[in-house]
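Working notes, beginning with the structure itself.
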Amino acid sequence: MTRLQKLATSTFAVTVLLVAIGGFTRGSGSGYGCKDRWPLCHDGLLGGLLPRPEFHMVVEWTHRWFASIAVVLVATTTVYAWRHHRRDRAVRWAATAALAAIVVQAGLGAVVVMNDLNADTVSLHLAVGMVLLGLLAVVVVEAAFAGGTQPVRSGVPDPGWRRMLTVAAASVYAVIMLGSLVHDEYVGGYPLVDGRLVPDLTDPVVAVHTAHRGAVVIVLALLAVLAVEVLRRRRPRAEVRLVHTALGLFVVNTALGAAHVFTQVSSTGLVVAHLLVASLAWCSMVAAATVARRSNARVAATSLAVEPVEAPA
């Protein structure tokens with residue numbers, strides 16, 4: 001692996017861990033552990049620089065300072081990409097977009113705290129966090145191509161396939177966002193919402209739950225089709241692995257969602273696992289779409305390079 005690949009992969013891994021810590025912070029009710037002071041903790045040690053030995057404060061403090069580490073890593077990746085990979089435009093701009101996203105994410109974190117964990121701002125915080133993870137997944141893939149570790153695929157470009165992967169990735173993202181809206185709102189019954197074939201859609205909470213579960217079924221079917229299609233089209237091995245990984249993760253996450261309902265949204269461990277697996281499924285689809293785009297571009301460039309040129313009459 002090149003230095004850029006190592007740096008990009010490490011940054012992505014740390015950010016995934018940050019998402020897990022964020023899920024634990026929310027699931028354990030520790031989001032207000034430092035009160036409404038940011039970035040330091042209210043009434044903490046050393047003027048708020050360190051937490052007191054209280055569970056919620058320690059959890060929230062850990063979340064904030066781990067976020068600081070992620071910011072430094074994303075910034076370092078961006079600077080390295082601009083300094084040492086000037087010709088690799090895609091990796092430079094993906095890293096720059098990730099840096100912008102994590103700065104916005106940090107600001108939203110402050111807004112969430114100062115607005116007493118308002119549900120809408122919490123969902124927006126998660127939305128930007130998923131965009132950040134997706135961009136870092138792109139950086140990892142682009143770094144691999146920049147380092148020459150992704151082989152050139154033979155065949156013809158297939159832009160339609162890339163669009164299918166992009167739609168699937170967007171669909172997984174939509175499911176995550178719908179899930180964030182129903183996170184703290186328990187409605188019994190599974191797989192039928194409230195145990196009814198036709199739920200009361202006049203209730204906003206029931207309506208969102210119904211939309212979420214319906215979207216899960218649709219996306220699950222879409223990923224299953226793509227898992228077959230990626231083999232039929234004889235796509236590169238990396239795409240096959242990523243699409244199949246996304247399907248497997250989504251199946252696991254569907255089961256975790258059911259467990260979430262059966263435990264009446266009371267298990268912090270399930271909150272973390274549910275969010276983490278969903279995040280990885282989203283990143284797998286983003287990575288697959290990125291590999292498809294780069295593979296298509298390389299195939300097109302190779303075809304042009306080897307196409308014979310007819311001599312003028």
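The values are calculated or read from the model by the stated rules, or taken from the named source; none is laboratory data. Everything numeric in this text was worked out from a predicted model, so none of it was measured. Because the Cβ atoms are built from the backbone with ideal geometry, glycine has one as well, and the counts that use them run over all protein chains shown. The area values use the complete protein model at the heavy-atom level, side chains included, leaving out ligands, DNA and RNA. Shrake-Rupley method; radii C 1.70, N 1.55, O 1.52, S 1.80 Å.
The table for this structure:
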| quantity | calculated |
| --- | --- |
| Only listed residue being surrounded by fewer than 22 Cβ atoms within 10 Å (Cβ to Cβ), in contact with a Ser or Thr (Cβ under 6 Å, 6 or more places away or on another chain) and in contact (Cβ under 8 Å) with a residue 40 or more places away in the chain, chosen from 10, 28 | 28 |
| Enumeration of residues in region 69-85 that are open to solvent by 50 Å² or more (accessible area, probe 1.4 Å) and within 30 Å of residue 27 (Cα to Cα) | 69, 72 |
| Search result, residues across region 271-313 that are under 17 Å from residue 21 (Cα atoms) and modelled with pLDDT of 90 or more | 272, 273, 274, 275, 276, 277, 278, 279, 280 |
| Candidates 208, 265, 216, 272, filtered to the one that is hydrophobic (A, V, I, L, M, F, W, C), open to solvent by 20 Å² or more (accessible area, probe 1.4 Å) and free of Cβ contacts under 8 Å to residues at least 40 places away in the same chain | 208 |
| Among the candidates 59, 16, residue that is part of a helix (DSSP H, G or I), among the aliphatic types (A, V, I, L, M), open to solvent by less than 50 Å² (accessible area, probe 1.4 Å) and farther than 30 Å from residue 93 by Cβ | 59 |
| The listed residue being touching a strand residue (DSSP E or B) at 6+ places or on another chain (Cβ under 7 Å) and either within 22 Å of residue 267 (Cα to Cα) or without any contact (Cβ under 8 Å) to a residue 12 or more places away in the chain (or both), out of 89, 52 | 52 |
| All positions within region 237-272 that are closer than 21 Å to residue 29 by Cα, of a type in the set (A, V, I, L, M, F, W, C) and assigned to a helix (DSSP H, G or I) | 256, 259, 261, 262, 270, 271, 272 |
| Qualifying residues in region 172-191 (those that are assigned to a loop (DSSP other than H, G, I, E, B) and not charged (D, E, K, R)) - the one nearest to residue 208 (Cα to Cα) | 182 |
